[in-house]
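Read the structure below first, then the notes.
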Amino acid sequence: MKNIMKRCVLTCLVAAFAVSGFGCNKKPNDENRPAETISLENTKQDLTFSYKQGPAVDATESAENSEKADESTAESKQEYEDVTEFVDVTDEAGQPVTDANGVKQTEVVVVGTRPVSGSGNDSSRADDGNDDSSTADGNSGGNAGSYTPSYDTCKAYWLDMSKAEDYVFNGEFLIITFQVNEDIPDGNYPVTIAATDIASWDLVTYDPVIINGEVSVNSTPTEQQTAGSDFTLKVNSTEAKQGDVATVVVDLSNNPGFVGFVVDIQYDANAFTILDATGGKDFNNTIGTV
């Protein structure tokens, strides 16, 4: 019984669940009271997803705000210089003043100001051959130069110790359905596994190989790595257009078996809104939900 209780407690901690109904310890000051037992039927947590509800921040609004901020910054940093001219020196009667040799005398006066060339936002710079429409995260085209991603997380968690054994399967694991926002620039938007916490019945925790993916919006997809012989989670890339519904499938391969997991999937909330998140067909078939 102690071994079972230990497994229950540790696995729940590993899987980050708070399962109610655990009576693993005797009450204080009551040494004669027997330890309460645990029903493995209570050590279950249905597959649950936690993610931002409602529409994501509009990418166009974000880009416009960014452009305004850039313009304000450029204006505040703009330097100016005096514009001067040489003018004739005149006397009180308005006649030109000359020296002993009859040469008109002149002086320098300030007649205005102008921006210092090269400071602030100088749109007249020479083309250096670089494509400023590309950004560091792989997005290109459209208003990509001013596009700002905002990453958020979809957390999936599940636990089932009721059978006192691991669930072993490969193939479709998790499925996330995204609405691609209308006004994002073309480019490759990463969908990545940010963290995992996976545990077996025997208290083995796994650190699987991660192959991340992307949603390619009117863009050439990046070639993905092929899963090897190790336990692997792979986010399969997909292609879409602005306004499309894009389905991203997370696969498992060489799965040693587990009874609980927490998986964090990261995505750009300025590019996508999550419409739905479910278990994949192979996961559902194995745990008996279909």
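Numbers for the structure displayed
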item	result
Selected residue [over 19 Å from SER150 (Cα atoms) and touching a residue at least 12 places away in the same chain (Cβ under 8 Å)] from ALA277, ALA269	ALA277
Index of the failed condition, THR148 passing every other in (1) within 15 Å of the chain's Cα centre (by Cα); (2) surrounded by 19 or more Cβ atoms within 10 Å (Cβ to Cβ); (3) at pLDDT below 95	(2)
Positions within segment 144-169 being over 16 Å from ILE287 (Cα atoms) and in a strand (DSSP E or B), in sequence order	TYR151, ASP152, THR153, CYS154, LYS155
Out of GLU107, GLU172, sole residue that is at pLDDT 95 or above and either aliphatic (A, V, I, L, M) or assigned to a strand (DSSP E or B) (or both)	GLU172
Close pairs from segment 226-245: first among the aromatic types (Phe, Trp, Tyr), partner surrounded by 19 or more Cβ atoms within 10 Å (Cβ to Cβ), Cβ under 9 Å, at least 6 apart	PHE231/ILE198; PHE231/PRO208; PHE231/LEU252; PHE231/SER253; PHE231/ASN255
Tally of residues being of a type in the set (A, V, I, L, M, F, W, C) and either loosely packed, with under 15 Cβ neighbours inside 10 Å or modelled with pLDDT under 95 (or both) across segment 238-254	1
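So that you can scan it fast, the table gives a plain yes or no per residue for (1) in a helix (DSSP H, G or I); (2) modelled with pLDDT of 95 or more:
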{"residue": "ALA227", "(1), (2)": "no, no"}
{"residue": "PRO256", "(1), (2)": "no, yes"}
{"residue": "PHE261", "(1), (2)": "no, yes"}
{"residue": "ASP282", "(1), (2)": "yes, yes"}
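The values are calculated or read from the model by the stated rules, or taken from the named source; none is laboratory data. This is a predicted model, so every value here is computed, not measured. Cβ sites come from the backbone with ideal geometry, for glycine too, and all protein chains shown count toward neighbours.
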